[in-house]
Amino acid sequence: MASVENVSGNLQTGDQPVVKADPKWAIMGGVVSIVAWLALVPLVFLIYQSFRTPGTARKPAIWTLGNYLDAYSNSDTLVLFANSVEFAAGTAILALVVGTALAWMTERTNTPLKPLFYALSIIPLIIPGILFVVSWIFLASPKIGLINLALQNIFGTDKVYVDIYSMAGMIWVDGLHYAPIAFLLMTAAFRAMDPSLEESAMMSGASMWGIFRRITLKLAFPAVAASFLILFVRSIESFEVPALLGLPVGIQVFTSAIYDAIHSYPSNIGLAAAYAITLLVITMGGIYFQSRITAQGGKYSTVTGKGFRPRTIDLGRWKYLTAGIFVVYALMVVILPFLVLLWSSLQKFYSVPSMEALRNVSLAAYVTIINYPSVGTAVWNSFILSIGSATTVMVLTAIVCWIVLRTKIRGRFLLDQLASIPLVLPGLVMGLAIMVCYLTIGGGIYGTIWILFIAYVTRFLPYGMRYNTTSMVQLHKELEESAAMSGASWFTSFRRIVLPLLKPGLLAGWIYIVIVSVRELSSSILLYSPGTEVVSIVIWEMWQNGQYVELSAFGVMLIATLFVFVMTAQWIGKRFGVKET
Amino acid sequence: MLTVKGLNTEYPSQKGPPVKAAQDVTFEVPAGKFFTLLGPSGCGKTTTLRSIAGLERPVGGEIVVNGRTVYSSEKKIFIPPNQRNFGMVFQSYAIWPHMTVFANAAFPLEVRKTKMTKTEIREKVMRVLSAVALEQYADREATKLSGGQQQRLALARALVMEPELLLLDEPLSNLDAKLRDRMRFELKRIQRELGLTTIYVTHDQGEALALSHEIAVMNEGRIVQVGTPREIYEHPRTKFVADFIGTTNFIDGTVLGMDNASGRWNVRTPAGDMLVHAVQTLAPNMAVTVSIRPEDVEVFEEAAPAGSGLNLTSGMVDQKVFLGDFVDFQIKIGEFVLLSRAHPSMRTPIGDKIHVRMNPEKCVAIPDISSARSAA
């Protein structure tokens, strides 16, 4: 306690308030250690495991390079690599082309139905990836696909028009699934672009084509390149599409190969780890180049934070064409997938729509789901896990952000990097790393719900960082300083000033993490055990068991719940906006 | 009351050695005085204020308030800002948007160590809110206040804790011109009534002159001159001070010698020989710059009434600018152009002859640093 009396300066030599133990340091130290543990330790174990032989009761594990030799001496690996790159690049290009076209239409033209489009962009949040893939199987599989059946009906043939179980099919489904992300990224880029830059080119006498080629495209280049890399990384990490569409016909990519290596008998965790490390190197490279491009983009300084008046082009009669494109897109991404799920959920046995099937409409599947033994457990687990991990992540990252943005502690930028590491870890790799880590160190965590909790908190740390950084950057430093000048301690000012002011951002981030936790599949699939299933695992199991009707009913209920959640999020976080990032 | 001794601050830069902000800043403020740190942006004035507040940690020096050392590099003392009991008004006001007006002002009393009852807090807060004429807005959302009201609330919040020291960081810079003028009077009234020792930071010389008992002019991290507003304005010690505060004519010249009749130094300049006021000791042949304010350059259409020891000359009107409450003349004397600020009734046309009179008391000779060094 610093004395306030008017004593002469000498008396205070022994009184050093700085050295006094402050709860602030304890809290900060604790948070930093937790983040470091979560982000680094599993990674270390993953690397360690990739150099170990599988240990059995008879033969203990030893150091080896065999996993990498197996992985790279195998000619299949080359195919694997080629498949992965083809799939990821194809997906990224498809998503980027669709997303950019849509972004240009909404931002720079007078196309009707625009507001609908912003609403559509949050749909991928609501439809979990696995349900999207399943619904596209219903639509475009060679045997039961509605599109094939419809075309066969029209032309009176039995030719297979579209086959979703192919590389093209995989790219199509994943590309559509990621198009909304590309749309959001490119919308932001178009918005940040000052139209006066194009107008001054026009005043200089450039033609429309010249402006597009020499100004618009050049200015948009960093955004396009960065978006491509983000989408590439996202798709090379995708698990649902390769697992559901690729594996049945033997098209393997890294994620499905990792899954296969673990689930083959005997499971080859070392080989999976070697594949995982390769995948990690690819995603790290992607993220690295993306951040390089974004950083260089600074020199284009088209982002000024100023709201520009959007200059829209009058398309004339062509606007009906663009509106038509919108409608087709909405059909592909939302309406058809949802309708097909809804249809299938109302049947007793899966059958294609017909007058006869219509007479068999029943709610039996919903009743089954409600009484299904593992559904109750899974819903409860998902509920607890999503609430728990969202709360933990938001509080942890609020403190981390505060340290990074507000203190002058040396090396604070490392902390930011540390909390962002999980961003480069594909969900499956993260699951593998955590599995290896807690199997090795023991402690009884593996096999309990806690391992899922740890996985979710780790995976979603970067999201918490992003939401907190956005809102904390907007928080003027002087708001805290004036609390300090008013005599408030660090803890009081954090509790009474910082947290209340961050509330909208905290809430938006919290809801986002709740949603992504509910949808999480690729980490959970390696970490669940009987009794700790979550909803996405139940969907996965139903698919494996061929319970399509029950799966659809459960999917419809899940989508409805998430829809309510997202609407709440939109309503609460108007300023911060919950969006897929 | 406040003593700042040998204050040095620096902050790390991306590359290379740390950037020095305040360097060897030393000054003293007696109790109850209004002291201003004035200078261009980046001169170290805000850093100095924030070091006094405890929001920044200096690398060297000592800060003592009322006999209490709040910072000393030698004795390794650093009292954190929340234990210093200084009130501060920030440039952005830093009004907490999630609280009402009352809650904003009550915050310092609620968080202090010695607990107060609700009624005590209410009474104190209402008293200070009425002092800044905000009592009828007590229950309003703080963000619903206008700029001027937010500024008064920020002041109330700083005053409610009965601070030992009031620190003001450019509090008027976010207000529009009219409101700024009014708040200037308001601030002066409140400070004088409460007799609070106040440190004020600004880059606006008008504010500094209007409010302060004493001003310290800062440049490149150092204090260049400390004095009353009048001393600073009328007798700047360096070219920087003369140039930064108000508009001035600079006339380069050479010291001729002492004028025996008036006891003043005589300086040869392109605008003729003139008698000057010397702030520092001069010597013959020394290179000096004479600074004279445009309003001290008196102009006459007829030959100026002679007075003993006044500088008289004449020139030709080269340009003039009518600004409403005064008119600026550019007068050509030989090749030299002298700026004069005159009453708007002066209507001498361009090209006409005009007579000029300058009081030597107002012609301040500042030795050129380079020549002063070589003369030493």
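A few comments on the model shown:
- Candidates A:G555, A:G531, A:G509: the one that is away from chain B (no Cβ under 14 Å), within 26 Å of A:F138 (Cβ to Cβ) and in contact (Cβ under 8 Å) with a residue 24 or more places away in the chain is A:G555.
- The single residue among A:Y446, A:Y456, A:Y467 that is outside any helix (DSSP H, G or I), in contact with a Leu (Cβ under 8 Å, 6 or more places away or on another chain) and of a type in the set (S, T, Y) turns out to be A:Y446.
Each row is one residue, and each column tells you yes or no for (1) assigned by TED's automatic domain parsing to the domain that holds A:I282; (2) part of a loop (DSSP other than H, G, I, E, B); (3) within 21 Å of A:I164 (Cβ to Cβ).
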{"site": "A:V35", "(1), (2), (3)": "no, no, no"}
{"site": "A:V44", "(1), (2), (3)": "no, no, no"}
{"site": "A:I47", "(1), (2), (3)": "no, no, no"}
{"site": "A:F81", "(1), (2), (3)": "yes, no, no"}
{"site": "A:A88", "(1), (2), (3)": "yes, no, yes"}
{"site": "A:P115", "(1), (2), (3)": "yes, no, no"}
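- Selected residue (only one of B:G334, B:G351 is surrounded by fewer than 19 Cβ atoms within 10 Å (Cβ to Cβ) and in contact (Cβ under 8 Å) with a residue 40 or more places away in the chain): B:G334
- Taking the stretch B:156-252 and the strands (runs of 3 or more DSSP E) fully enclosed by it, the elements with 3 or more residues that are of a type in the set (V, I, T) and either in contact with a strand residue (DSSP E or B) (Cβ under 9 Å, 6 or more places away or on another chain) or within 30 Å of B:D368 (Cα to Cα) (or both) are at B:198-202, B:222-227.
- Tally of residues being exposed (fewer than 15 other Cβ atoms within 10 Å of the Cβ) and of a type outside the set (A, V, I, L, M) across the stretch B:103-118: 5
- Pairs with Cβ under 7 Å, 6+ apart, first in the stretch B:113-138 and assigned to a loop (DSSP other than H, G, I, E, B), second loosely packed, with under 11 Cβ neighbours inside 10 Å and polar (S, T, N, Q): none
- Matching residues, the stretch B:65-108, being more than 7 Å from chain A (Cβ to nearest Cβ), under 18 Å from B:Q151 (Cβ atoms) and among the aliphatic types (A, V, I, L, M): B:V89, B:I95, B:M99, B:V101, B:A103, B:A105
- Residue in the stretch A:546-569 that is in a helix (DSSP H, G or I) and acidic (D, E) present: yes
- Enumeration of residues in the stretch A:117-139 that are more than 17 Å from A:L341 (Cα to Cα), part of a helix (DSSP H, G or I) and hydroxyl-bearing (S, T, Y): A:Y118
- Meets criteria (without any contact (Cβ under 8 Å) to a residue 40 or more places away in the chain, facing another protein chain (nearest Cβ under 7 Å) and of a type in the set (G, A, S)) for B:G54: no
- Residue satisfying all of: in the stretch B:8-29; assigned to a loop (DSSP other than H, G, I, E, B) and free of Cβ contacts under 8 Å to residues at least 60 places away in the same chain; nearest to B:G87 (Cα to Cα) among these: B:T9
- Figure legend. Inter-residue proximity from the stretch A:485-503: first residues within 7 Å of chain B (Cβ to nearest Cβ), second residues part of a helix (DSSP H, G or I) and among the acidic types (D, E), beta-carbon distance below 7 Å, spacing 6+ or different chains. Indicated pairs: A:I497/A:E480.
- Residue list for the stretch B:49-78, filter: buried (at least 18 other Cβ atoms within 10 Å of the Cβ), part of a loop (DSSP other than H, G, I, E, B) and in contact with a Phe, Trp or Tyr (Cβ under 7 Å, 6 or more places away or on another chain): B:P58
- Selection count where residues are within 30 Å of A:G447 (Cβ to Cβ) and either surrounded by fewer than 13 Cβ atoms within 10 Å (Cβ to Cβ) or not assigned by TED's automatic domain parsing to the domain that holds A:M542 (or both), scope the stretch A:351-369: 0
- Residues of the stretch B:139-155 that are charged (D, E, K, R) and either more than 23 Å from the chain's Cα centre (by Cα) or in a loop (DSSP other than H, G, I, E, B) (or both): B:D139, B:R140, B:E141, B:K144.
- Qualifying residue in the stretch B:289-300 (condition: surrounded by 15 or more Cβ atoms within 10 Å (Cβ to Cβ) and of a type in the set (G, A, S)): yes
- Qualifying residue in the stretch A:391-409 (condition: within 17 Å of A:R519 (Cα to Cα) and in contact with a Pro (Cβ under 8 Å, 6 or more places away or on another chain)): no
- Yes/no for B:V111 being within 12 Å of chain A (Cβ to nearest Cβ) and either of a type in the set (A, V, I, L, M, F, W, C) or under 19 Å from B:A53 (Cα atoms) (or both): yes
- Some residue of the stretch A:410-424 being surrounded by 15 or more Cβ atoms within 10 Å (Cβ to Cβ), under 18 Å from the mean Cα position of the chain (by Cα), closer than 23 Å to A:F51 by Cβ and at pLDDT 85 or above: yes
- Condition met for B:L310 (in contact with a strand residue (DSSP E or B) (Cβ under 9 Å, 6 or more places away or on another chain) and within 15 Å of B:G253 (Cβ to Cβ)): no
- Whichever residue in the stretch B:30-42 is assigned to a loop (DSSP other than H, G, I, E, B) and modelled with pLDDT of 90 or more and, among such residues, is nearest to the chain's Cα centre (by Cα): B:G39
The values are calculated or read from the model by the stated rules, or taken from the named source; none is laboratory data. Predicted model, so just to flag it, every value in this text is computed and none were measured. Cβ coordinates were reconstructed from backbone atoms using ideal geometry, including for glycine residues, and neighbour counts include every protein chain displayed.
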